[in-house]
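The values are calculated or read from the model by the stated rules, or taken from the named source; none is laboratory data. Keep in mind that what you see is a predicted model, and the values were worked out from it rather than measured. So basically every Cβ, Gly included, is an ideal-geometry build from the backbone, and we count neighbours across all protein chains shown. Accessible surface areas use protein heavy atoms only, side chains included; no ligands, DNA or RNA. Shrake-Rupley method; radii C 1.70, N 1.55, O 1.52, S 1.80 Å.
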Amino acid sequence: MNYLEAKSAPAREDRLKANIAFGGTLRDIKGCLKKGCFGSEGCLNLAGRRFSQTQGCQFTLSLAILNTLRNAVIIMHAPIGCGICSISNVGVNKTFKQLRDPQSEGIIWLSTNLDEADVISGGEKKLREAVLYADKEFRPETIIIANGCVPSLIGDDIDSILADLQTQTAASLVPIHCEGFKTKVMATAYDAVYHGILKNYVKKPERREYIAEPDLEKIKEKYRISRHVNVLNVGSMSRADELELQRLLNALGLTVTFIPCYAEPEDFEYSLESSLNVSICGTHDDYFVEHIKAKYGIPFLIDTIPIGRKNTDRWILKIAEHFGLEKEAQRLIQEENRELDKSLEPFRQKLAGKTAFIAGGEVRILATAEILQDLGIKVLGFKAHHFDQFVEPIFDSLEDLDDAIVDVATNQPFEQANILKRLKPDLLVTHVGGNNIAAKQGVPILPLFGPSYNYLGYSGVFEVARRLNRVARNGQFNKKLAENVPLPFKQEWYEKDPFTYIKQQDAV
Amino acid sequence: MSKFIDRPRYTCALGGALATLRAIPRAIPIIHASAGCGHNLHNAINAGAGYLGGGYCGGLSLPSSNVVERDIVFGGEARLREQIASTLEIVDGDIYLVLTGCMVEMIGDDLDAVVSEFLDYDKPVLPVHTPSFRGSSYTGYELVLSALIHKFVRKQRQKTPLSVNILGIVPAQDVFWQGNLKEIKRLLEKLGLKVNTLFGEGEDLESIRNSGAASLNIVVSDIHGIQAARKYEEIHDIPYITTGLPIGAVGTEAFLRQVAQALSIDPAVTERVIAEEKAVYYNYLERLADLYNDIDLQRYAVVVGDANYVPAVTRFISDELGWVPELAVITDLVDDNDKPVLLKRFENFESGLHPVVKFDTDASSVKKYLTEIWPANHNDKYFDSFGPTVLIGSVYERDLAQQYGFPLLTVSFPVTNRIVLNHAYAGFNGALSLTEDLFGLLVAAR
Ligand code: SF4
């Protein structure tokens, strides 16, 4: 893979033929995967909707990663509204960064505030002023310039402006081209961000060379690298998740660096002194690890996400295989499973037989289904933000779910409302965002992820079980809302098939 | 000529429009823009306005055409037409407003033409041009109101005597909008007025439709809501007055007298209402007489926020709480022509104090002004330091507050560290809440 000559990363609907609109069962979707419906010739690649609800763009999702980078100032090159969603992050961001480095600052960002005059004459002047101000005022290591739709439509040549400005700033300038209208698949954001990181952050670290380096030191260094992995974290992961994965890998004798979230610029340089890049989610990382492999020869592993027991087992084994540590891994897995299994018993007794619906990112929801099945909960259906090849490894961990409903929809709470009305699950495990609608349907909700909770690894299974049990014990808040607050959809809508508004192929 | 902004304290025109519609029951926005705009703005408005929530059909339920590059190249009108039609099929509303984002305005989609195809629908469907580059949330509020005033508010030649509309409190942007409107309504009703706050408790779409019958518009802001007031004047022949945001006894008395005078209400009635309110107010405030003086609860203060709050809060803490505000920073995008009226609000403080007033949109500027007004200690043994001080601002001021060790009360957008339901800071009751919250900070560790 090499897209780095290009100004920006390609859209996922083109690169991966990702789909955002589909309705059927898991069996249907497996069939589609086999037949290649999601592929380049496939019927589903460009599917859309006649009715749609706001879904987020790659700009907003890019910020989810960019806001975590330490020692950086972000410039939103756009009118005043783009990226203002950072407000929802401003209060907690510093706390999360300080879990990694107590000296960290919160998010600082500038909006170039493009107005009507700029739309006509171009945003260059304001961009220059903003960059120079950020450099002088905040003295960051990097200034990240994320551009919204407007500069791209005006035709601002951001890369050239920044190349020129780079000679005047102490900070390195990192353009991220993430204008929202370029893609329907929000996850393109990950590529957009990695594109900027690969071009600007990733380079061989400058290490001081000793004139005479004792052999022992060289051997030690080589050994260190041979036992070091990078784990690519995601914005929705918590520090507790990281510590759990670190614990498991340390148990195999491996050391870990987490990038990209909450990383410092130099972490990306040292990440090249590593012998394996481990993804926890293909949807998130394939662009990065493929490029690193092509350019620096570091192999990678994209398989399953370590959520649920079987997925965690598998994730550990795959890593262990790379290092020839299968035996050690087997022992670790056995021991961990034995302990965990016992700890889940009380929750199984309470939760078995309940039904659930899961909504969010494709990889995460299917893996979370494994936890629910482990607890004896019946999963009735899924809503996936988008759909592509990266879910395949997770199918192995699931039992007998072929009849579960699958709605591929980035947000689109109207479809979910219709489906939930039919399925009437006891529990909902969902992504943040559209839950005010689901809440008014009266179902108790457990968030699918949360930056202060543990979901990953073996401890994550226990934590999910424990919290799900609590959520299931009292659903009065949502129940009372449902009794008293109406939903915005007409009665006729619930009578229609939930996938009525999906159109197979956008008319071009 | 505008400039870049360091951490804006408002969203864009589209965001202001969405927040305003969020405040009208069963009003349905249909966004004609890329897929990100609605989601992005909801995240800002929800969190920034003390967790306002998506409401009936906001948040991620916002209907949105989600145009992509192909639509931008070929034009997004067909997609918009399809989206309006499907929204009318699915979403149960009483009015639908089609709002635009920047990209569709730049490619020249003919919003008005597409929307006019839905004239026959049994509920009104109205176009409003709200591209982000037209201005901030405040502009969005004016644009939505102007559209409603123009195309939806019923024309009534015969005005209802003593009936008024309240303008100038921008939902969400004023985090306490709903509580504030409720208090203002309560007070004016005591004067015998029929009060339409357009949004908030007791109001609905019908209130807006009937707002043309008012005999006076009261703009409780020196700069926001004035375009809407002018539209009412021009189209519905309703005169308007501007008052500041009334906070506290001093501010609210002046407010009530000004309104009473404009409507020729018997001064005896007004004075009686004021006396009643003040009696209750001082009955509560008097409780602090002990503690305030027992442990010296006078404080220096710095006030940062929008053009409605900063003058009102600064005067309140100066002239009623007896505090010493040294710096007031107004963070809105204020037109140069509007600055004199705002500056006037800082004149003639009864305390005799003259806080330094700055107009600045940048979050990082507040600290610079602080060092400007009060030089740092250069190792002097005897140094008259700036403290104890309370910082009244937004959540952006938290770092500064921590750095200086000032307690912080967040009152202006964004307020992400509080849950705001019906809390208010306006009027007499609001001032009591503000007093509770401010002094609450000071006794929190006791
Ligand atoms: S204008 Fe473009 S970049 Fe900005 S929020 Fe909307 S879709 Fe995203």
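Among the residues of this structure, B:THR331 counts as one that is buried (at least 24 other Cβ atoms within 10 Å of the Cβ), modelled with pLDDT of 95 or more and under 26 Å from B:ALA13 (Cα atoms). Taking region A:1-94 and the helices (runs of 4 or more DSSP H) fully enclosed by it, the elements with 3 or more residues that are basic (Lys, Arg) and more than 8 Å from every other protein chain (Cβ to nearest Cβ) are at A:26-35. Here the condition is being among the β-branched types (Val, Ile, Thr), touching a residue at least 24 places away in the same chain (Cβ under 8 Å), on the phi < 0 side of the Ramachandran plot and open to solvent by 60 Å² or more (accessible area, probe 1.4 Å); of B:VAL313, B:VAL280, B:VAL273, it holds for B:VAL280 alone.
Residue pairs whose Cβ atoms lie under 7 Å apart, sitting 6 or more positions apart in sequence or on different chains, and linking a residue in region B:124-149 that is under 18 Å from B:VAL219 (Cα atoms) to a partner that is polar (S, T, N, Q) and open to solvent by 20 Å² or more (accessible area, probe 1.4 Å), are B:GLU142/B:GLN227; B:SER146/B:GLN227. Residues of region B:400-445 that are closer than 23 Å to B:SER136 by Cβ and either open to solvent by less than 30 Å² (accessible area, probe 1.4 Å) or among the charged types (D, E, K, R) (or both): B:LEU400, B:THR410, B:VAL411, B:SER412, B:PHE413, B:PRO414, B:VAL415, B:THR416, B:ARG418, B:VAL420, B:TYR425, B:ALA426. Kindly check whether there is at least one residue in region B:57-69 that is more than 7 Å from chain A (Cβ to nearest Cβ), outside any helix (DSSP H, G or I) and on the phi > 0 side of the Ramachandran plot. Within region B:57-69, none of the residues are more than 7 Å from chain A (Cβ to nearest Cβ), outside any helix (DSSP H, G or I) and on the phi > 0 side of the Ramachandran plot.
When A:ILE107, A:ILE145 are checked against the criterion of being within 16 Å of the ligand (Cβ to nearest atom) and outside any helix (DSSP H, G or I), A:ILE145 stands alone in meeting it. Within the option set B:ASN308, B:ASN283, being of a type in the set (S, T, N, Q) and touching an Asp or Glu at 6+ places or on another chain (Cβ under 7 Å) holds for one residue only, B:ASN308.
What do you reckon, is B:ILE31 within 30 Å of the chain's Cα centre (by Cα), assigned to a strand (DSSP E or B), hydrophobic (A, V, I, L, M, F, W, C) and within 16 Å of the ligand (Cβ to nearest atom)? When the stated conditions are applied, B:ILE31 passes them. Would you point out which residue out of A:ASN93, A:ASN89 is closer than 24 Å to A:ASN233 by Cα, modelled with pLDDT of 90 or more, surrounded by fewer than 24 Cβ atoms within 10 Å (Cβ to Cβ) and more than 9 Å from the ligand (Cβ to nearest atom)? From the options A:ASN93, A:ASN89, the qualifying one is A:ASN89. Counting the residues of region A:418-459 that are out of contact with any Lys or Arg (no Cβ under 9 Å at 6 or more places or on another chain) and hydrophobic (A, V, I, L, M, F, W, C) gives 10. Of the residues screened, A:ARG247 is one that is surrounded by fewer than 24 Cβ atoms within 10 Å (Cβ to Cβ), closer than 26 Å to A:THR95 by Cα and either of a type in the set (D, E, K, R) or touching a Pro at 6+ places or on another chain (Cβ under 9 Å) (or both). Among the residues of region A:151-182, those identified as open to solvent by less than 10 Å² (accessible area, probe 1.4 Å) and either in contact with a Gly (Cβ under 6 Å, 6 or more places away or on another chain) or within 11 Å of the ligand (Cβ to nearest atom) (or both) are A:PRO151, A:VAL174, A:ILE176, A:CYS178, A:GLU179, A:GLY180, A:PHE181. Evaluation of B:HIS42 against the conditions (1) within 30 Å of A:ALA439 (Cβ to Cβ); (2) away from the ligand (no atom under 15 Å from the Cβ); (3) not β-branched (Val, Ile, Thr) shows that the sole unmet condition is (2). Would you be able to say whether some residue in region A:476-494 is farther than 30 Å from B:GLU69 by Cβ and among the acidic types (Asp, Glu)? Yes, region A:476-494 contains a residue that is farther than 30 Å from B:GLU69 by Cβ and among the acidic types (Asp, Glu). Among the residues examined, B:SER86 qualifies as open to solvent by less than 10 Å² (accessible area, probe 1.4 Å), out of contact with any Pro (no Cβ under 7 Å at 6 or more places or on another chain), more than 30 Å from A:ILE145 (Cα to Cα) and among the polar types (S, T, N, Q).
Taking the criterion of being touching a residue at least 40 places away in the same chain (Cβ under 8 Å) and open to solvent by 30 Å² or more (accessible area, probe 1.4 Å), the residues of region A:349-362 that qualify are A:LYS350, A:LYS354.
To keep it simple, each residue is scored yes or no on (1) out of contact with any strand residue (DSSP E or B) (no Cβ under 6 Å at 6 or more places or on another chain); (2) not in a strand (DSSP E or B).
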position	(1), (2)
A:TYR194	yes, yes
A:TYR210	yes, yes
A:SER236	yes, yes
A:GLN246	no, yes
A:VAL256	no, no
A:THR283	yes, yes
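Filtering region B:90-148 to residues that are of a type in the set (Asp, Glu), touching a strand residue (DSSP E or B) at 6+ places or on another chain (Cβ under 9 Å) and under 17 Å from B:LEU205 (Cα atoms) leaves B:ASP92, B:ASP94. For region B:48-90: of the residues being more than 16 Å from the ligand (Cβ to nearest atom) and touching a residue at least 60 places away in the same chain (Cβ under 8 Å), which is nearest to the chain's Cα centre (by Cα)? The qualifying residue nearest to the chain's Cα centre (by Cα) is B:ALA49.
For B:ILE24, are the conditions met, namely being within 13 Å of the ligand (Cβ to nearest atom), in contact (Cβ under 8 Å) with a residue 60 or more places away in the chain and touching a helix residue (DSSP H, G or I) at 6+ places or on another chain (Cβ under 9 Å)? Lay out the reasoning, then the answer.
On the way: within 13 Å of the ligand (Cβ to nearest atom): no; in contact (Cβ under 8 Å) with a residue 60 or more places away in the chain: yes; touching a helix residue (DSSP H, G or I) at 6+ places or on another chain (Cβ under 9 Å): yes.
Against the criterion (within 13 Å of the ligand (Cβ to nearest atom), in contact (Cβ under 8 Å) with a residue 60 or more places away in the chain and touching a helix residue (DSSP H, G or I) at 6+ places or on another chain (Cβ under 9 Å)), B:ILE24 does not qualify.
Quick check: is even one residue across region B:126-135 basic (Lys, Arg) and within 16 Å of the ligand (Cβ to nearest atom)? Yes, region B:126-135 contains a residue that is basic (Lys, Arg) and within 16 Å of the ligand (Cβ to nearest atom).
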